[in-house]
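A.B. asks: This is the structure I want to talk about, given as structure tokens.
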Amino acid sequence: MSAEAVTRAEHCVIACAEAWRGAGEVLASPMGAIPSIAARLARATFSPDLLLTDGEAMLLGADGEVEGWLPYRRHLTMVSGGRRHVMMGASQIDRHGNQNISCVGDWERPARQLLGVRGAPVNTLNNPVSYWVPRHSTRVFVAEVDVVCGVGYDRAAAAGPSATRYHRIARVVSDLGVFDFATPDRSMRLASLHPGVTAERVRESTGFPLTVPADVPYTRDPTAGELRLIREVLDPDGVREREVGAVR
């Protein structure tokens with residue numbers, strides 16, 4: 001499949017789906033349209049043991065059909081034992097992966113109230129986590145988050161073994177590229193660029209020093225079969241394109 005035939009949103013779907021490659025029988029908890037399409041794509045292709053739910057108690061197949069029931073006690077066992085991989089959003093994220101979805105500005109008088117801390121601390125300490133950012137900018141990729149919701153590598157390490165047992169930030173996917181923390185100090189690294197994006201563009205859109213290898217690969221193209229699934233089965237209405245918006 002040629003890169004020209006693939007949209008930026010479709011590269012984002014592939015990049016998000018890769019977060020669950022080789023995950024085995026874990027519970028996927030995607031938040032957002034593209035992560036949800038991506039989790040279903042992973043289940044339908046290279047991660048057939050992935051568990052998908054309706055957000056409540058039903059287990060679903062890649063086609064959205066009910067396959068089984070996940071009792072609440074079983075759900076809690078998986079959540080508390082590292083057997084869930086959450087893909088959350090981030091209103092702010094820093095170079096060590098600390099995430100904010102609570103508020104922007106001073107805690108006492110925030111300039112903008114957001115979702116609140118919610119389950120982010122438990123998600124990051126008890127399970128592998130990835131992040132999806134549909135609009136990469138210096139407003140999101142910041143030197144320091146205003147409130148720590150999701151716990152990054154530096155804070156988890158400072159808290160000791162009880163915090164690092166299941167802590168792992170697998171990847172951060174934005175509309176510009178894919179990022180990981182495969183550096184000596186566990187700071188953010190550019191892992192791949194989406195086709196059409198330059199490393200300089202990523203640097204300009206990031207509010208902290210980013211590790212950029214000498215040779216950065218491009219995010220892989222979907223196969224013909226994956227592209228057919230995305231366009232005809234998983235997202236025939238093109239919701240993915242609206243979530244990413246116009247290519248910048």
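A.B. asks: Report the equivalent ellipsoid semi-axes for the chain in whole Å, largest first, defined as the square roots of five times the eigenvalues of the gyration tensor built from alpha carbon atoms. Show your work: numbers first, answer last.
C.D. replies: On the way: eigenvalues 136, 118, 55 Å².
Largest first, the chain gives 26, 24, 17 Å.
A.B. asks: Going through the stretch 1-68, which trypsin sites (Lys or Arg not before Pro) have at most 12 other Cβ atoms within 10 Å and a DSSP loop state? Numbers along the way, then the final one.
C.D. replies: Working: sites: ARG8, ARG21, ARG40, ARG43; in loops: ARG21.
Loop-located and lightly packed - ARG21.
A.B. asks: Over the stretch 1-76, what is the mean sequence separation of C-alpha contacts under 8 Å (at least six apart), divided by residue count, expressed as relative contact order in percent?
C.D. replies: 23 percent
A.B. asks: Follow-up question, since we're still on this one. Counting heavy atoms of the protein chains only and a 1.4 Å probe, report the per residue accessible area for the stretch 26-119 as a whole number of Å². Provide the component values of the computation, followed by the final result.
C.D. replies: Working: 4640 Å² over 94 residues.
Value returned for the stretch 26-119: 49 Å² of accessible area per residue.
A.B. asks: Below 8 Å, C-alpha to C-alpha, sequence gap of six or more: please give me the relative contact order for the stretch 183-248 in percent. All intermediate terms of the calculation are to be shown ahead of the outcome.
C.D. replies: Working: 36 pairs, mean separation 20.0, N = 66.
Dividing the mean separation by the residue count of the stretch 183-248 yields 30 percent.
A.B. asks: Please give me, ordered by residue number, the chymotrypsin sites (Phe, Trp or Tyr not before Pro) of the stretch 66-119 that lie in loop per DSSP and have at most 14 other Cβ atoms within 10 Å.
C.D. replies: On the way: sites: TRP69, TYR72, TRP107; in loops: TRP107.
Sparse-neighbourhood loop chymotrypsin sites (Phe, Trp or Tyr not before Pro): TRP107.
A.B. asks: Compute log10 of I(q)/I(0) for the stretch 146-248 with the Debye formula, placing one identical point scatterer on every Cα and leaving out solvent, at q = 0.17, 0.23 Å⁻¹, to two decimals.
C.D. replies: Taking Cα atoms of the stretch 146-248 as identical point scatterers yields -0.96, -1.23.
A.B. asks: Further question on the same structure: Rounded if a/c is under 1.5, else prolate if a/b beats b/c, else oblate: with a ≥ b ≥ c from the C-alpha gyration tensor eigenvalues square-rooted, which is the stretch 200-248?
C.D. replies: On the way: a/c = 4.16, a/b = 1.83, b/c = 2.27.
It is oblate, given that a/c is not under 1.5 and a/b is not larger than b/c.
A.B. asks: Here's a follow-up. Which of the peptides 90-102, 141-153 is most tightly packed, and how do the rest follow, judged by the mean count of other Cβ atoms within 10 Å per residue? Please report the intermediate quantities before stating the final value.
C.D. replies: Values: 90-102: 23.8, 141-153: 21.3.
Sorting 90-102, 141-153 by mean packing, highest first, produces 90-102, 141-153.
A.B. asks: Using per-residue counts of other Cβ atoms within 10 Å, averaged over each peptide, order 190-199, 234-243 from highest down.
C.D. replies: 190-199, 234-243
A.B. asks: For PHE208 and GLU67, calculate 0.36 nm times their separation in residues minus their Cα-Cα distance, and state this gained length in nm to one decimal.
C.D. replies: Working: separation 141, 0.36 × 141 = 50.76 nm, distance 4.44 nm.
Answer, rounded to one decimal: 46.3 nm.
A.B. asks: Looking at the stretch 136-248, send over the antiparallel percent of its DSSP beta bridges, to the nearest 5.
C.D. replies: On the way: 6 of 8 bridges.
That works out to approximately 75 percent antiparallel.
A.B. asks: Something else now. Counting only DSSP beta bridges with both residues in the stretch 1-150, what percent are antiparallel, rounded to the nearest 5? Each step should come with its number before you reach the end.
C.D. replies: Details: 10 of 19 bridges.
Around 55 percent antiparallel, to the nearest 5.
A.B. asks: Given the stretch 58-123 reduced to its alpha-carbon atoms as identical point scatterers, what log10 I(q)/I(0) does the Debye formula return at q = 0.17, 0.20 Å⁻¹?
C.D. replies: -0.80, -0.91
A.B. asks: Now for a different question. Computed FRET efficiency, Cβ-Cβ of ALA158 and GLU232, R0 51 Å: what is it to the nearest 0.05?
C.D. replies: Working: r = 48 Å, r/R0 = 0.94.
Calculated transfer efficiency: 0.60.
A.B. asks: Further question on the same structure: From the phi angles alone, apply the Karplus equation (6.51, -1.76, 1.60; θ = phi - 60°) to the stretch 148-158 and give each ³J(HN,Hα) in whole Hz, x where the residue is Gly or Pro.
C.D. replies: Calculated HN-Hα couplings, in order: 8, 10, x, 8, x, 5, 5, 6, 5, 5, 5 Hz.
A.B. asks: Would you list MET88, MET58 from the most to the least accessible area, probe 1.4 Å?
C.D. replies: Numbers: MET88 10, MET58 75 Å².
Accessible-area ranking of MET88, MET58, largest first: MET58, MET88.
A.B. asks: Quick one: length gained pulling GLU200 to THR7 fully straight, 0.36 nm per residue minus the C-alpha distance? Can you show the working numbers first?
C.D. replies: Numbers: separation 193, 0.36 × 193 = 69.48 nm, distance 2.09 nm.
That works out to 67.4 nm of additional length.
A.B. asks: Starting from the Cα gyration tensor of the stretch 85-163, take the square roots of the eigenvalues, sort them a ≥ b ≥ c, and report rounded, prolate or oblate (rounded when a/c is under 1.5, otherwise prolate if a/b is larger than b/c, else oblate). Intermediate values should be presented prior to the final figure.
C.D. replies: Details: a/c = 1.62, a/b = 1.41, b/c = 1.15.
Prolate, because a/c is 1.5 or more and a/b exceeds b/c.
A.B. asks: If r is the Cβ-Cβ distance from THR183 to VAL117 and R0 is 22 Å, what FRET efficiency results, to the nearest 0.05? Please report the intermediate quantities before stating the final value.
C.D. replies: Working: r = 27 Å, r/R0 = 1.23.
Step by step, r from the Cβ atoms, then E = 0.20.
A.B. asks: Where a ≥ b ≥ c are the square roots of the eigenvalues of the C-alpha gyration tensor, would you call the stretch 1-129 rounded, which needs a/c under 1.5, or, failing that, prolate if a/b is larger than b/c, or oblate? Can you show the working numbers first?
C.D. replies: Values: a/c = 2.11, a/b = 1.24, b/c = 1.71.
The shape class here is oblate.
A.B. asks: Below 8 Å, C-alpha to C-alpha, sequence gap of six or more: please give me the relative contact order for the stretch 105-248 in percent. Mind dumping the intermediate values first?
C.D. replies: On the way: 183 pairs, mean separation 31.2, N = 144.
Computed over the stretch 105-248, the figure is 22 percent.
The values are calculated or read from the model by the stated rules, or taken from the named source; none is laboratory data. Since the structure is predicted, the reported quantities are computational estimates derived from the model, not experimental observations. Here the Cβ is made from the backbone with ideal geometry for all residues, glycine too, and neighbour counts use every protein chain on show. What goes into the accessible areas is simple: the full protein's heavy atoms, side chains included, and nothing from ligands, DNA or RNA. Shrake-Rupley method; radii C 1.70, N 1.55, O 1.52, S 1.80 Å.
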